[in-house]
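Following: one structure in structure tokens, then a few remarks.
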Amino acid sequence: MTDTTRRTALRTLGALPAAAVVAGVPRLARAAEFSYKYGNNLPVSHPLNVRAQEAADRVARETKGRVEIKIFPNNQLGGDTDMLAQVRSGGLEFFTPSALVIATLVPVAAINAVGFAFSDYNQVWAAMDGPLGAHVRAAIAKSRLYAFEKMWDNGFRQATSSKAAIATAKDLDGLKIRVPVSPLSISMFKALGAAPASLQFSEVYSSLQTKIVDAQENPLPIIQVAKLYEVQKFCSLTNHIWDGYWFIANGRAWEALPADLKTIVARAINEAGLQQRDDIRKLNDSVVGDLQSKGLAINRPAADTFRLKLRDAGFYNEWKGRFGAEAWNLLEGAVGKLA
Ligand code: X2X
């Protein structure tokens, strides 16, 4: 290839939708034996998409083109609720719902999101790579979905607002805050006195812009890549929920793969997940300065007023009942007594 034809080829590639660029590998003359679609709700620049693309490239290489994974980022295939329906029906083979979102189908999956449960990443990964994660994966399998072993990181969720900084639980009184389509998030923000509304992530930017809601809550890397600083003024580092993504596959599609290909795909996805966790940890350290420079006022509230209000409102006892003793004991085994 001459330089000019390479440049032309690259320009052509650049003009195609991301999903048509298969794993950075030239299209083989022969179609892949297993051509799988993976959808997610995040912009392409988020580490989840960067690492997923690397995993897809690796799968294409190591299976010699037998397995192709095409990525549809940024809600191209619809919002979370739509993608969850598609991965169940087989219209989509892979999806990464947040634990909050897959909990609309597998309720116990929200257990990692109990408010103010985890205090740091050591606790998070010990639990999710250990008995608590195994418990949730077994529950996901009952819905005929396969959950890969390693969860990917979304992060500790923080609150942003166009109105005022949140310093104590009192500041949440009546606050119109967007939360994901997640019963646990609604219950928690109601217990805290706020007025939460469930919206899919695909609607967050515009609902803040048009003031349907005044506040939202997400991990810092998402606030950054989704440019929420353009429509918000305050960012309060509440760390109220630790949230992660389950990398899931349609059960039938997963079973259709021969064992040797399953091994390659699982290794590529799980190892990319570990790298993605590292990316998020590093981003968490660097992103605060970037968000400040883009105009967000940052504050760091203490957890005590929030925890107390949740306890007084009966939030922990209610969810202990809803998740059941077995799951709750696994959570408390990892983080200490909550209820
Ligand atoms: O919808 C959200 O806020 C997000 C992107 O964090 C989830 O996937 C739950």
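Of the numbered conditions (1) within 22 Å of Val44 (Cα to Cα); (2) out of contact with any strand residue (DSSP E or B) (no Cβ under 9 Å at 6 or more places or on another chain), Val204 satisfies every one except a single condition; which is it?
(2) is the only condition that Val204 fails.
Collect the residues in segment 191-217 that are more than 10 Å from the ligand (Cβ to nearest atom), part of a helix (DSSP H, G or I) and either open to solvent by less than 40 Å² (accessible area, probe 1.4 Å) or in contact (Cβ under 8 Å) with a residue 60 or more places away in the chain (or both), keeping them in residue-number order.
Residues of segment 191-217 more than 10 Å from the ligand (Cβ to nearest atom): 191-197, 205-215.
Add one more test, that the residue is part of a helix (DSSP H, G or I), and what stays is 191, 205-209.
Ala191, Ser207, Leu208 - these are the residues of segment 191-217 that are more than 10 Å from the ligand (Cβ to nearest atom), part of a helix (DSSP H, G or I) and either open to solvent by less than 40 Å² (accessible area, probe 1.4 Å) or in contact (Cβ under 8 Å) with a residue 60 or more places away in the chain (or both).
Confirm whether Leu105 is over 27 Å from Asp214 (Cα atoms), of a type outside the set (Gly, Ala, Ser) and open to solvent by 10 Å² or more (accessible area, probe 1.4 Å). Spell out the reasoning first.
On the way: over 27 Å from Asp214 (Cα atoms): yes; of a type outside the set (Gly, Ala, Ser): yes; open to solvent by 10 Å² or more (accessible area, probe 1.4 Å): yes.
Spelling it out, Leu105 is indeed over 27 Å from Asp214 (Cα atoms), of a type outside the set (Gly, Ala, Ser) and open to solvent by 10 Å² or more (accessible area, probe 1.4 Å).
What strands (runs of 3 or more DSSP E) completely inside segment 106-188 contain at least 2 residues that are at pLDDT 95 or above and within 16 Å of the ligand (Cβ to nearest atom)?
Numbers: elements: 145-147, 152-156, 158-161, 176-179.
Of the strands (runs of 3 or more DSSP E) lying wholly inside segment 106-188, those with at least 2 residues that are at pLDDT 95 or above and within 16 Å of the ligand (Cβ to nearest atom) span 152-156, 158-161, 176-179.
Of everything in segment 317-339, what is in contact with a Phe, Trp or Tyr (Cβ under 9 Å, 6 or more places away or on another chain), part of a helix (DSSP H, G or I) and open to solvent by less than 40 Å² (accessible area, probe 1.4 Å)? Give them in sequence order.
Trp319, Trp328, Leu331, Ala334, Val335
Name the single residue that is nearest to Ser185 (Cα to Cα) among those in segment 218-227 being out of contact with any Ser or Thr (no Cβ under 7 Å at 6 or more places or on another chain) and within 12 Å of the ligand (Cβ to nearest atom). Before the answer, list the steps.
Within segment 218-227, the subset out of contact with any Ser or Thr (no Cβ under 7 Å at 6 or more places or on another chain) is 218-222, 224, 226-227.
Now restrict to residues that are within 12 Å of the ligand (Cβ to nearest atom): 218-222, 226.
Values: Asn218: 12, Pro219: 14, Leu220: 18, Pro221: 19, Ile222: 17, Ala226: 20 Å.
Taking the candidates together, the pick is Asn218.
Only one of these conditions is not met by Gly65: (1) more than 23 Å from Ala109 (Cβ to Cβ); (2) within 16 Å of the ligand (Cβ to nearest atom). Which number is it?
It is condition (2) that Gly65 fails.
If you check Thr263, Thr305, which single one turns out to be modelled with pLDDT of 95 or more, over 23 Å from the mean Cα position of the chain (by Cα), exposed (fewer than 13 other Cβ atoms within 10 Å of the Cβ) and of a type outside the set (A, V, I, L, M)?
Numbers: Thr305 fails: exposed (fewer than 13 other Cβ atoms within 10 Å of the Cβ).
Result: Thr263 is the single residue among Thr263, Thr305 that is modelled with pLDDT of 95 or more, over 23 Å from the mean Cα position of the chain (by Cα), exposed (fewer than 13 other Cβ atoms within 10 Å of the Cβ) and of a type outside the set (A, V, I, L, M).
Report every pair of residues separated by at least 6 positions or lying on different chains whose Cβ atoms are under 7 Å apart, first residue within segment 142-168 and at positive phi, second within 16 Å of the ligand (Cβ to nearest atom).
What qualifies is Gly155/Pro219; Gly155/Leu220; Gly155/Pro221; Gly155/Asp243; Gly155/Ile280; Gly155/Asn284.
State the number of residues belonging to segment 126-138 that are buried (at least 19 other Cβ atoms within 10 Å of the Cβ) and among the hydrophobic types (A, V, I, L, M, F, W, C).
Count: 4.
Being surrounded by 23 or more Cβ atoms within 10 Å (Cβ to Cβ) and either within 14 Å of the ligand (Cβ to nearest atom) or of a type outside the set (Ser, Thr, Tyr) (or both) is the requirement here; does Ile241 meet it?
On the way: surrounded by 23 or more Cβ atoms within 10 Å (Cβ to Cβ): yes; either within 14 Å of the ligand (Cβ to nearest atom) or of a type outside the set (Ser, Thr, Tyr) (or both): yes.
Yes, satisfied.
Could you list, ordered by first residue, the pairs with Cβ atoms under 6 Å in which the first is in segment 312-327 and in contact (Cβ under 8 Å) with a residue 24 or more places away in the chain and the second is assigned to a helix (DSSP H, G or I) and not aromatic (Phe, Trp, Tyr), at least 6 apart or interchain?
Sorted first by the residue in segment 312-327, then by its partner, the pairs are Ala313/Ala191; Phe315/Ala191; Phe323/Val108; Phe323/Ile111; Ala327/Val108; Ala327/Ile111; Ala327/His135.
Please work out which one of (1) over 14 Å from the mean Cα position of the chain (by Cα); (2) open to solvent by less than 10 Å² (accessible area, probe 1.4 Å) is the condition Glu62 fails and give its number.
Single failed check for Glu62: (2).
Among the residues of segment 68-94, write down those that are away from the ligand (no atom under 11 Å from the Cβ) and open to solvent by less than 10 Å² (accessible area, probe 1.4 Å).
Within segment 68-94, Pro73, Val87, Leu92, Phe94 meet the criteria.
The values are calculated or read from the model by the stated rules, or taken from the named source; none is laboratory data. Keep in mind the model is a prediction, meaning the values are calculated, not measured. For neighbour counting, all protein chains shown are included, and Cβ atoms are generated from backbone atoms with ideal geometry for every residue, glycine included. Surface accessibility is based on the protein's heavy atoms, side chains included, excluding ligands, DNA and RNA. Shrake-Rupley method; radii C 1.70, N 1.55, O 1.52, S 1.80 Å.
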